[in-house]
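> The structure that follows is given in the form of structure tokens.
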Amino acid sequence: MKWKNILLIVGLGFVASACEKQDSSIFTTDDAGIYFQMVTMSIYGTTTEYYTDSLSSSFASVRASAKSAVLAATVRTMGKVADYDRPFKVVVDKEGSTAVEGEHYEIDLDTLVVRAGESSARVRVRFFRTADLMKRTIRLVLRLEDNEYFKCYFPEYKNTNAYSSTGVMIHGNLFAFSVSEMYTEPGYWTDFGTEFFGNWTPEKYVVVNSVCGLTPTDWSGAGYAGAKVQYGRFNFFALAVQRYLQEQADAGTPELDSDGEYMQLDPSYSVDYSRYE
């Protein structure tokens, strides 16, 4: 099969010299190509798209009870669609990654295929909500490699298919995930919550949200009419969190705060940890 102007297809494009006219060679091959491509934006009413080679996510936007989240990278193929499944090869780029397999994430790299009749597939990664994400961002980089079905022809390409746009170059054979869970203290906690929950810490914030069914968005709108976070509800919330912490302590699984000490609220809602003294 012959592919004509294939660089334009994947958004690379050539800019001809204003002073010299040159003929562009035609890329010809019977091999199928493969590359990462995540669409970030489409221009309404046109075929223009913009792409990225990375994805950032935070557990701060995920419900407090969630222990993990699945993120995915999309791969696309070039060439004729096949009537049979075609495996493709992805490996973890150790040099660019800080995430630890089994601790921060799990991934199945042995069953990745582009299904018959399709020209794209997704590489799914399950990330775990680990305590260290409250203090740092972990990074996982995936790398496409050649195999008997696909070739990685374009380690880089332009981040848009708009021919007239200069764009920026992104990776075609690499895709990076960045995952964290970093919070800032809500102003409403600072002003009113301390007398119920004690000093704010990210760990305590997550426990309060989990027990009380709250989200960072709820705290952003705290105090307004109809908001879930209201001063008048703090006594109820604190009692519910105290009960939860006491149950955990009595069960032998006490919650620890950011300093490694047993989690406490304001002294009016103290938890009995005497069995551990």
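The values are calculated or read from the model by the stated rules, or taken from the named source; none is laboratory data. Model, not experiment: these values are computed from the prediction. Cβ coordinates were reconstructed from backbone atoms using ideal geometry, including for glycine residues, and neighbour counts include every protein chain displayed. With ligands, DNA and RNA removed, areas are computed over all heavy atoms of the protein, side chains included. Shrake-Rupley method; radii C 1.70, N 1.55, O 1.52, S 1.80 Å.
> Working carefully through the options THR201, THR217, find the one that is more than 21 Å from ASP132 (Cα to Cα) and not hydrophobic (A, V, I, L, M, F, W, C).
Selected residue: THR217, the only one of THR201, THR217 that is more than 21 Å from ASP132 (Cα to Cα) and not hydrophobic (A, V, I, L, M, F, W, C).
> Could you tell me whether LYS89 is over 30 Å from VAL208 (Cα atoms) and modelled with pLDDT of 95 or more?
Yes; evaluated as a whole, the condition is true for this residue.
> Restricting the search to the stretch 138-183, which residues are assigned to a loop (DSSP other than H, G, I, E, B), out of contact with any helix residue (DSSP H, G or I) (no Cβ under 9 Å at 6 or more places or on another chain) and under 20 Å from MET41 (Cα atoms)?
ASN159, ALA162, SER164, SER165, THR166, GLY167, VAL168, GLY172
> With respect to ARG63, determine if the residue is under 26 Å from the mean Cα position of the chain (by Cα), open to solvent by 30 Å² or more (accessible area, probe 1.4 Å) and either at pLDDT 95 or above or among the polar types (S, T, N, Q) (or both).
no
> Check SER58, SER42, SER54 and return the single one that is closer than 27 Å to THR166 by Cα, of a type in the set (Gly, Ala, Ser), open to solvent by 30 Å² or more (accessible area, probe 1.4 Å) and in contact (Cβ under 8 Å) with a residue 40 or more places away in the chain.
Just a single option satisfies the conditions, and that option is SER54.
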